[in-house]
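Worksheet for the structure shown next.
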Amino acid sequence: MSSPENLVAKNGIRPAFMPSAESAPRSLHDGRDSWLRTGPEDGLAPPLAGQPGHGRTAFLRRRPVRIVDGRMEGGYASSFELICPSCGDHPYLDYFEVPARLQWLRGPWTLETGLAEYEQHLGLVSRPDDTAGSSRARRAEESAAQAPPTETAGGYRHEALLYSGLAEFLTATASFIRRAVRAGDPILVMVSGPKINALRRKLGAEAENVTFANLAEVGSNPARIIAAWQAFVHAHAGAPRLCGICEPVDPRRSAAELAECQRHEALLNVAFDASAPLWLLCPYDLETLAVDVIDEARRTHPFVACGEDRQPSSAFPPFRPIDLAEPFARPLPPVPPDAARMSFEPSELRRVLMFVAGRAGRSGLDEQSAAAMVLAVNELAANSLEHGGGKGELRLWSDGHSVVCEVSDRGHITAPLAGRVPPGPDGPPGTGLWLANQLCDLVQIHSSPEGTAIRLYQKL
């Protein structure tokens, strides 16, 4: 292979090169960044033998940290990327705006490895017969291993993975996991127990470098999942990139659970700021989930992956998919007309707890679950007396699957993460809500200036 210096001299590879065949109008260049420029010498060369018409449209450049609306932001990394407009790439697009096949071509590469890739992409040197791509993989791994940690760093990325069936799930998630493991990025995978076992078999020895958590234990109540992600980020403070996989949306979830899973996905867009180095992948099974569930996934995830293609979601709103001023304005289903009811005021807390314990037991709830519900109601009723106008109402019923207890008052909750992250000096208020989520199988909230209703579910 030619030395980097000779190849640069021979082929005129410049980090600032942009081919005229893909150039934006000159007026756009004048308003954009000087690192993307054209000149009269930037033409197309004839196609090389046996190769597409790359000519001089392919070029190597120093990798921008990010590109927003055609503008470079954040300076440059010390690594390089290979851009080929003849293959469909464009230098004004950010890495995450191009398909996975072009991301793979881009790299990132060290200078020497990138120049070798440039030679082989244009056919300047012969590529060994390697249908599995192992030589390319070795070069990519070498590049990632040699690159400083900050080169692979990036901001927060919340991405839905659309797949069909277990085989596609394993292929897509194993690829994501291996990329993290080989880059040395900490990765946490929260999925069902059977899928954990399948991934361990698929990954082999590489599974030893992955942290697995059974979602049935961590996130049976989806309101507990954000705290787990925040703990993961805190435990790896200083890491340039963290990766995660979580599949909370399951067709076996009840309608109430599904609603809270979708709220969880929307809140993930406010739980981390843009600088958090976390790439979070959320799988959705096209074979088992309803169309409206998939549509909602597109609305709550800024990015969507399908197979090897990763794109910004066209359904994701330009604003966050939750009203930060009124995060709990969504109404709850009506209370059944036969629900047991009682009102309470100060000095009546003991009567409330006895009411809940008796009704829960008669509904068939086991002793441990009933005790947990009583403790959660104690917290919420105390909050009603202190912060909700000094009185409240309680309703209790069974829907055939769970015992449901609703506590309502005249208070108003506006903190979107209330009950989902531990209360503390830097967190939202809501010790009672936090404990309720730890004690109960599900918690739902409706809150507006007119008042608040909090529902607790314990499975029968």
Can you tell me which residues in region 380-439 are under 26 Å from Ser220 (Cβ atoms) and basic (Lys, Arg)? Arg395, Arg420
Taking the conditions exactly as written (among the polar types (S, T, N, Q), within 19 Å of the chain's Cα centre (by Cα) and surrounded by 17 or more Cβ atoms within 10 Å (Cβ to Cβ)), does Thr173 satisfy them or not? yes
Inside region 64-81, can you point out the residues that are buried (at least 18 other Cβ atoms within 10 Å of the Cβ), farther than 15 Å from Glu119 by Cβ and modelled with pLDDT of 80 or more? Pro64, Ile67, Met72, Glu81
Complete set of residues in region 193-226 that are among the small types (Gly, Ala, Ser), part of a helix (DSSP H, G or I) and buried (at least 19 other Cβ atoms within 10 Å of the Cβ): Ala223
Within region 283-344, which strands (runs of 3 or more DSSP E) (wholly inside it) include 1 or more residues that are hydrophobic (A, V, I, L, M, F, W, C) and in contact with a Pro (Cβ under 7 Å, 6 or more places away or on another chain)? 303-306
Tell me, please, whether a residue that is under 17 Å from Ala228 (Cα atoms), touching a strand residue (DSSP E or B) at 6+ places or on another chain (Cβ under 9 Å) and in a loop (DSSP other than H, G, I, E, B) can be found in region 410-424. yes
Might you let me know whether region 207-214 holds any residue that is in contact (Cβ under 8 Å) with a residue 60 or more places away in the chain and either touching a strand residue (DSSP E or B) at 6+ places or on another chain (Cβ under 7 Å) or over 24 Å from Thr171 (Cα atoms) (or both)? no
List pairs: first in region 307-336 and closer than 27 Å to Leu162 by Cβ, second basic (Lys, Arg) and not in a loop (DSSP other than H, G, I, E, B), Cβ under 6 Å, 6+ apart or cross-chain? Ser313/Arg298; Ala315/Arg298; Ala315/Arg299; Pro321/Arg299
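Please determine, by comparing only the residues of region 360-392 that are of a type outside the set (Gly, Ala, Ser) and part of a loop (DSSP other than H, G, I, E, B), which one is nearest to Ile445 (Cα to Cα). Break it down stepwise before answering.
At the first step, the residues of region 360-392 found to be of a type outside the set (Gly, Ala, Ser) are 362, 365-368, 373-375, 377-380, 383, 385-387, 391.
So of that shortlist, the ones also part of a loop (DSSP other than H, G, I, E, B) come out as 365-366, 391.
Details: Leu365: 22, Asp366: 24, Lys391: 18 Å.
By that ranking, first place goes to Lys391.
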Taking first residues from region 219-241 that are more than 23 Å from Val181 (Cβ to Cβ) and polar (S, T, N, Q) and second residues anywhere that are outside any loop (DSSP other than H, G, I, E, B) and at pLDDT 95 or above, the pairs with Cβ under 6 Å that are 6 or more apart or on different chains are Asn221/Asn437; Asn221/Leu442
Tell me the residue from Pro186, Pro194, Pro128 that is over 17 Å from the mean Cα position of the chain (by Cα) and at pLDDT 75 or above, please. Pro194
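The values are calculated or read from the model by the stated rules, or taken from the named source; none is laboratory data. Only a predicted model underlies this, so the values are computations on that prediction, with no experimental measurement involved. Note: ideal-geometry Cβ built from the backbone for every residue, glycine included; neighbour counts use all protein chains shown.
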